[in-house]
Amino acid sequence: MPAWIAYVAIAAAIAYLPMTDRPNSLLRSVWKTVPVAALALAAWIAGGPAFLVAALFLSALGDWSLSRNGAASFLYGLSAFALSHIVYILHMLAISGAMPWEGFVLFPLFAIAMFAVTVSTETWLIPHTGAMKWPVRAYVVIILTMGLSAMTLPAGHLPALIGAGLFVASDLILSIELFRLGDKHRLTPLASKLVWITYIGAQVGLFWGLGGLG
């Protein structure tokens, strides 16, 4: 049963892809929320780790909030995803028994690249975020920590490491879409699809690699 729910989640995510650049609506919000909510349900039924279930559930809340209009909804969504990443971090570090900065030792090139991108956001991202400047800064630090934490996972958790990398890529593309391209740019529809593809890949990788099926 849990495996079938996970397959339904992936199918729903694929079916949502054409809707990524459509105007906000209740149907679009519900459909966007279903895939990761279904992964959370599958992990819960399978007796997966509580932290994983919580992280997926918080991500589903973030999906719903970011699909709605307004600055308040954006802040709620950002907060939900920040909490989701914190839970992912705690779960990963519990598995590895390491600390996030040890990712620099295990994967130095990738870690340095992530750190460089994080620092560079002060020039190409933060000046364009307006009143969201400090929440976005905090989120950037949290996603960096999540990526570094994934680098400490044992080899058997490779799908989770790939998932964490895809999450960083997804958030990077999303930040460019939201704060640099805007709704009218010709590349925005492509960016929306890339965000969704990398995001779902990230959540499936984390679900699989962190014990979503028990």
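Take PRO108 and decide whether it is surrounded by fewer than 20 Cβ atoms within 10 Å (Cβ to Cβ), at pLDDT below 95 and under 18 Å from LEU153 (Cα atoms).
yes
Just the residues that are open to solvent by less than 60 Å² (accessible area, probe 1.4 Å) and more than 16 Å from the chain's Cα centre (by Cα), please, taken from the range 183-211.
Matches in the range 183-211: THR188, PRO189, GLY211.
Return the total of residues in the range 117-139 being closer than 15 Å to TYR76 by Cα and over 21 Å from the mean Cα position of the chain (by Cα).
Adding up the residues that qualify gives 1.
Being closer than 25 Å to ALA43 by Cα and in a helix (DSSP H, G or I) is the requirement here; does ALA138 meet it?
Numbers: closer than 25 Å to ALA43 by Cα: no; in a helix (DSSP H, G or I): yes.
Spelling it out, it is not the case that ALA138 is closer than 25 Å to ALA43 by Cα and in a helix (DSSP H, G or I).
Where residues in the range 163-180 are within 16 Å of ASP21 (Cα to Cα) and of a type in the set (Val, Ile, Thr), which of them is least open to solvent (accessible area, probe 1.4 Å)?
Result: ILE173.
Within the range 114-137, is there a residue that is closer than 22 Å to LEU210 by Cα and either free of Cβ contacts under 8 Å to residues at least 24 places away in the same chain or open to solvent by less than 10 Å² (accessible area, probe 1.4 Å) (or both)?
No, because not a single residue in the range 114-137 is closer than 22 Å to LEU210 by Cα and either free of Cβ contacts under 8 Å to residues at least 24 places away in the same chain or open to solvent by less than 10 Å² (accessible area, probe 1.4 Å) (or both).
Across the range 169-197, what is the total count of residues that are touching a residue at least 12 places away in the same chain (Cβ under 8 Å) and either under 17 Å from VAL140 (Cβ atoms) or in contact with an Asp or Glu (Cβ under 9 Å, 6 or more places away or on another chain) (or both)?
At the first step, the residues of the range 169-197 found to be touching a residue at least 12 places away in the same chain (Cβ under 8 Å) are 169-177, 179-180, 188-189, 191-197.
Subsequent filtering for residues that are either under 17 Å from VAL140 (Cβ atoms) or in contact with an Asp or Glu (Cβ under 9 Å, 6 or more places away or on another chain) (or both) retains 169-177, 179-180, 188-189, 191-195.
Looking only at that region, the number is 18.
Scan ALA60, ALA50 and give me the residue that is free of Cβ contacts under 8 Å to residues at least 40 places away in the same chain and open to solvent by 20 Å² or more (accessible area, probe 1.4 Å).
ALA50
Residue-by-condition table, conditions (1) farther than 24 Å from TRP31 by Cβ; (2) in contact with a helix residue (DSSP H, G or I) (Cβ under 7 Å, 6 or more places away or on another chain):
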position	(1), (2)
ALA71	no, no
VAL87	yes, yes
ILE95	yes, yes
LYS133	yes, yes
ARG137	yes, yes
PHE167	no, yes
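ALA80 - would you say it is under 21 Å from ALA13 (Cα atoms), out of contact with any Phe, Trp or Tyr (no Cβ under 8 Å at 6 or more places or on another chain), part of a helix (DSSP H, G or I) and of a type in the set (Gly, Ala, Ser)?
In short, yes.
Conditions (1) closer than 17 Å to LEU90 by Cα; (2) modelled with pLDDT under 95, marked per residue:
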{"residue": "THR145", "(1), (2)": "yes, no"}
{"residue": "ALA160", "(1), (2)": "yes, no"}
{"residue": "GLY182", "(1), (2)": "no, yes"}
{"residue": "TRP196", "(1), (2)": "no, no"}
{"residue": "GLY201", "(1), (2)": "no, no"}
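Has the range 14-34 got at least one residue that is among the charged types (D, E, K, R), closer than 29 Å to THR145 by Cβ, at pLDDT 95 or above and open to solvent by less than 20 Å² (accessible area, probe 1.4 Å)?
no
The values are calculated or read from the model by the stated rules, or taken from the named source; none is laboratory data. Fair warning: this is a prediction, and the values are worked out from it, not measured in the lab. Positions of Cβ are generated from backbone atoms using ideal geometry, with glycine treated the same way; all protein chains shown enter the neighbour counts. What goes into the accessible areas is simple: the full protein's heavy atoms, side chains included, and nothing from ligands, DNA or RNA. Shrake-Rupley method; radii C 1.70, N 1.55, O 1.52, S 1.80 Å.
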